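The values are calculated or read from the model by the stated rules, or taken from the named source; none is laboratory data. Keep in mind it's a predicted model, so treat the numbers as computed, not measured. As a convention, Cβ positions derive from the backbone with ideal geometry for all residues, glycine included, and neighbour counts pool all protein chains shown. Keep in mind that these areas ignore ligands, DNA and RNA; they rest on the heavy atoms of the full protein, side chains included. Shrake-Rupley method; radii C 1.70, N 1.55, O 1.52, S 1.80 Å.
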Amino acid sequence: MAILNILEFPDPRLRTIAKPVTEVDDSIRQLIDDMFETMYEAPGIGLAATQINVHKRVVVMDLSEDRSEPRVFINPELEMLTDDMDQYQEGCLSVPGFYENVDRPVKVRVKALDRDGKPFELIAEGLLAVCIQHECDHLNGKLFVDYLSNLKRDRIKKKLEKQHRQNA
């Protein structure tokens, strides 16, 4: 397993739309293992392949405190099950150090493949629903800062660009 580099906003590669996985094979399972190691090390609760500059529709997440509930979503398809919205404070490994409130649908259905390529379906609410929507946004080239006002997004962008210059 390997810890991979996480792209940071405003890196344009984060805007790439991921391609569907055509075959779940050992290379995809290796990618999943590397993504989990990278996510846990960061530390985070979700990671989309786009964030590590792999433009395949693969998401990993683990919302447990003890890393005991790893979840894999390959080629996830989302369906909103309600018009009810709720606000959660979101952060992102690609936007380190920033947390902002984002409105999202309360309940979603996701259809995906697991790490063995077996299809499954899940109805999610609460933090799991938020996390699934957040990570699926990444696969579509969208970031949580896109839900913010231009002013907030530009302020975050400038601060991260400054940090990147200082670290270069």
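Laid out as a table, the results:
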read-out	value
Selected residue (only one of LEU113, LEU4, LEU78 is among the aliphatic types (A, V, I, L, M), under 21 Å from LEU160 (Cβ atoms) and open to solvent by 30 Å² or more (accessible area, probe 1.4 Å))	LEU4
For ALA124: the one exception among (1) within 19 Å of ASP62 (Cα to Cα); (2) open to solvent by 50 Å² or more (accessible area, probe 1.4 Å)	(2)
Identity of the residue in segment 52-91, assigned to a loop (DSSP other than H, G, I, E, B) and basic (Lys, Arg), that ends up farthest from VAL24 (Cα to Cα)	ARG67
Residues of segment 127-168 classified as assigned to a helix (DSSP H, G or I), open to solvent by 70 Å² or more (accessible area, probe 1.4 Å), closer than 13 Å to VAL102 by Cβ and of a type outside the set (Phe, Trp, Tyr), total	2
Lone unmet requirement of (1) in a loop (DSSP other than H, G, I, E, B); (2) open to solvent by 60 Å² or more (accessible area, probe 1.4 Å) for GLN30	(1)
Scan of segment 116-168 for residues that are more than 26 Å from SER64 (Cα to Cα), under 20 Å from the mean Cα position of the chain (by Cα) and without any contact (Cβ under 8 Å) to a residue 24 or more places away in the chain, ordered by number	ASP146, ARG153
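Listed here are the residues, each with its yes/no results for (1) under 30 Å from GLU77 (Cβ atoms); (2) among the acidic types (Asp, Glu).
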residue	(1), (2)
PRO119	yes, no
LEU122	yes, no
ALA129	yes, no
GLU135	yes, yes
ASN140	yes, no
LEU143	yes, no
ARG155	no, no
GLN163	no, no
ALA168	no, no
